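Down below is the structure, laid out as structure tokens.
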Amino acid sequence: MRIITDRRKEMTERSETEGRDLLSKMLLVRDENGQFLSEMEISNNIIGLLVASFETTSSAVTAVMNYLAELPHVYNEVLKEQMEIAKSKGPDELLTWEDIEKMKYSWNVARESLRLTPPAQGAFRETTTEFNYAGFTIPKGWKTFWTVHSSHKNPKYFPEPEKFDPSRFEGSGPAPYTFVPFGGGPRMCPGKEYARLEVLVFMHNVVTRFKLEKAIPNEKIVFYASPIPVHGLPVHLHPHQK
Ligand code: HEM
């Protein structure tokens, strides 16, 4: 809270009108009544953003690494795709947006990982109208919780739902609103594209350098807010032969 108070004072003294980072932008934004956000609201928003972005992405990256270590045929296909991209670049050249767009198989793998091991389990919605679901009447105004698992494991939309099969995402992919690791509708995750970038860049940098071997073969997955291997997924990294 003190950081927020000090920054507000500093910005007022300097008559700053352009936000240079998230905190200063939040200090400048006004609500529909022209009021600035309170320090408590700003603090809640920043903590909310950290919770929504950090643990989810870390869980997603960990789950992908776990599958790559466990499934050599999937790892080999990802390696092939990522090596093609790596070979097309100079030694210190950074990845570009065009490179990310080429990572089609890798993204199918990441999506299949998000389907089977989703970092977020669902979210709340308030019903705007009464409706019937599975023989139950849900009245208008009730708070409901939609879950990711019931859709992701539904054999009607995902045959052999427990099988890791990235080809489900080829072509037009799953039907709308059946693959929902980032939610859906107007409150869908705003960090979705950023998360895609983080996961794919991580995959590229690990796979093009190393083969992965799990240090604990049957490591248990536990749920805090997101699923995470109980010991943090220790792996042996074997550099590729030159
Ligand atoms: C793999 C990573 C991530 C997953 C699986 C994920 C998943 C989700 C889900 C399921 C929701 C609820 C959506 C809904 O109610 O329909 C959500 C909301 C949200 N996410 Fe993410 N998220 C991820 C990464 C991120 C990142 C990187 C950021 C920010 C940089 C972020 C920021 C948010 C915010 C602010 C909300 C609340 C949106 C609102 O209520 O309007 N998320 N996320």
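The values are calculated or read from the model by the stated rules, or taken from the named source; none is laboratory data. Here the structure is a predicted model, which means the values were calculated and not measured. As a convention, Cβ positions derive from the backbone with ideal geometry for all residues, glycine included, and neighbour counts pool all protein chains shown.
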Handout entry: Unique residue being surrounded by 11 or more Cβ atoms within 10 Å (Cβ to Cβ), more than 18 Å from the chain's Cα centre (by Cα) and of a type in the set (Asp, Glu) when the list is Glu198, Glu213
Key = Glu213
Practice task
Would you check which residues across the range 175-201 are more than 11 Å from the ligand (Cβ to nearest atom), in contact (Cβ under 8 Å) with a residue 40 or more places away in the chain and either among the aromatic types (Phe, Trp, Tyr) or farther than 15 Å from Met103 by Cβ (or both) and list them?
Solution key: Phe179
Practice task
Identify, from the list Thr137, Thr147, Thr128, Thr117, the residue that is β-branched (Val, Ile, Thr), free of Cβ contacts under 8 Å to residues at least 60 places away in the same chain and under 23 Å from Phe54 (Cα atoms).
Solution key: Thr147
Practice task
Scan Lys242, Lys211 and give me the residue that is more than 11 Å from the ligand (Cβ to nearest atom), among the charged types (D, E, K, R) and in a loop (DSSP other than H, G, I, E, B).
Solution key: Lys242
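Is there a residue being of a type in the set (Lys, Arg) and over 22 Å from the mean Cα position of the chain (by Cα) anywhere in the range 65-80?
Checked the range 65-80: at least one residue is of a type in the set (Lys, Arg) and over 22 Å from the mean Cα position of the chain (by Cα).
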Handout entry: Wholly enclosed helices (runs of 4 or more DSSP H) of the range 8-124 bearing at least 1 residues of a type in the set (Asp, Glu), within 29 Å of Tyr157 (Cβ to Cβ) and within 14 Å of the ligand (Cβ to nearest atom)
Key = 104-116
Fill in the blank from the handout: Taking the range 226-242 and keeping residues under 13 Å from Ala60 (Cβ atoms) and hydrophobic (A, V, I, L, M, F, W, C) leaves Ile228, Leu233
Problem - Residue that is nearest to the chain's Cα centre (by Cα), among those in the range 160-182 that are within 13 Å of Arg115 (Cα to Cα) and surrounded by fewer than 14 Cβ atoms within 10 Å (Cβ to Cβ) - result: Tyr177
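Look at Lys220 and say whether it is modelled with pLDDT of 95 or more, away from the ligand (no atom under 16 Å from the Cβ) and under 30 Å from Phe145 (Cα atoms). First the steps, then the outcome.
Numbers: modelled with pLDDT of 95 or more: yes; away from the ligand (no atom under 16 Å from the Cβ): yes; under 30 Å from Phe145 (Cα atoms): yes.
The answer is yes for Lys220.
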Practice task
Please verify whether the range 157-172 includes one or more residues that are in contact (Cβ under 8 Å) with a residue 12 or more places away in the chain and more than 30 Å from His204 (Cβ to Cβ).
Solution key: no
